[in-house]
Amino acid sequence: MAFDGIDAPTTMKSAISAKDDETSLRTKSKLAGRKHFTVVSLFSGCGGMDLGFKGGFSFLGKKYARLPFAIEWANELNAAACRSYKKNIGSHIQEGDIWQMMDHLPAYADVVIGGFPCQDISVNGLGAGLSGRRSGLYRAMVETVARIKPKVFVAENVKGLLMKHHAPALEKVIADFRGLGYDVSYHLYNAASYGVPQSRERVMIVGTAPGVSGFSIPEITHEKKDFVTAKRALEDLAHLGEDESINHIWSRAIRSPEQGNRRLIADRVGYTIRAECHGNIQWHYSAPRRISMREAARIQSFPDNFIFDSKLRETERQVGNAVPPVLAWHVAKAVASCLK
């Protein structure tokens, strides 16, 4: 398996032109008379979940087909993440605080998606729960669903939401969405079970409007014995020199007893990529360095032609915060089945 974007100029051209894909696809879709479903994306980050809903990308030699979704509007607060989104997904992303952007939402969309901030719920967070400044932003997603009234919504969050001491928070989130008239369910996904080379567990909360077919959890594609290993995902990059144009750059943070001691194991899936990486980003299973951002993106299942428009620290944050596109693709395919 060779690096898909080893020719850096070609990679950059591919990534830059990707932002035009959405418009051209809508035109082709209409001309062909095919049905597509409009999407509003919140807390979009660099676009991991959005790429999954779009589909039409390759990862580790496997093609993930184009799905019948057209992302009409997206929002993200972080400027660097917005630059990466524009480069790879499309120019429709709106930079700014979601509450200030609320009046600019489209009047309607078939689907609303988003991973509302989770720092106050994460096992590595401060445990503030929904009363925390960041995780309380789930209310913005509730408000968006209330205004747009989509057929389906998908809200992503950390496994910590299912912890016993967060039970009241989960009940509150579910109750607020159900109060809008939606049939709401949630499920804990292990990204590795869907071909992502990472032991990342995330909760997906899905709501379907009355009259819409119920959501069915997508069947897993990989049993534990078949998980994509770190070596399978990264071996062709191990001896490649640093190349900023493809985000193959890495942190020089030294090892210490407090942080940054975890090393990937070649024949196992990668550990969860964290947003506050730097001294916590994993060490390569064989190379004498921490993994690069290109390698971290691989562990998150980003295709090689997805180029992050930022320096090391901001790229670390974008990669760590993202929903793995391959996992999102499987969820999106199940959403499409609801809407057919």
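A short reminder: the numbers here are calculations on the coordinates, not readings from a lab. Here the structure is a predicted model, which is why all the values come from computation and not from measurement. Ideal geometry is used to build each Cβ from the backbone, glycine not excepted, and the neighbour counts take in all protein chains shown.
Results, tabulated for the structure shown:
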item: Distance violations [Cα-Cα > 29 Å] among Lys62/Lys225; Lys172/Lys225; Lys87/Lys333; Lys224/Lys311; Lys151/Lys224; result: Lys172/Lys225; Lys224/Lys311; Lys151/Lys224
item: Rg(Cα)/(2.2 N^0.38 Å) for region 37-115, N = residue count; result: 1.08
item: At q = 0.19, 0.20, 0.23 Å⁻¹, base-10 log of I(q)/I(0) for region 142-213 (Debye sum, equal scatterers on each alpha carbon); result: -0.81, -0.86, -1.01
item: Surrounding net charge for Phe215, when Lys and Arg each add one and Asp and Glu each subtract one, Cβ distance under 13 Å; result: +2
item: Using a Förster distance of 22 Å, the FRET efficiency for Leu339-Ile220 (Cβ separation, nearest 0.05); result: 0.50
item: Listed peptides 310-319, 63-72 by packing density, highest first (mean Cβ within 10 Å); result: 310-319, 63-72
item: Radius 11 Å from Cβ of Arg290, net charge of other residues (Lys, Arg +1; Asp, Glu -1); result: +3
item: Rounded Å value of the spacing that divides the Cα centres of region 42-116 and region 147-184; result: 20 Å
item: Cα convex hull of region 189-340, projected area averaged across orientations, nm²; result: 10.0 nm²
item: Neighbour-count order for Trp329, Trp73, Trp283, Trp99, fewest beta carbons within 10 angstrom listed first; result: Trp99, Trp283, Trp73, Trp329
item: Ranking of Met141, Met49 by count of other Cβ atoms within 10 Å, fewest first; result: Met141, Met49
item: Relative exposure of Ile273, Ile281, judged by other C-beta atoms within 10 Å (fewest first); result: Ile273, Ile281
item: Listed peptides 39-46, 100-107 by packing density, highest first (mean Cβ within 10 Å); result: 39-46, 100-107
item: Per-peptide average of other Cβ atoms within 10 Å, ordering 331-340, 196-205 highest first; result: 196-205, 331-340
item: Given charges at Cβ of Lys, Arg, Asp, Glu: region 182-331 dipole, positive-most of Ile220, Gln318, Ile205; result: Gln318
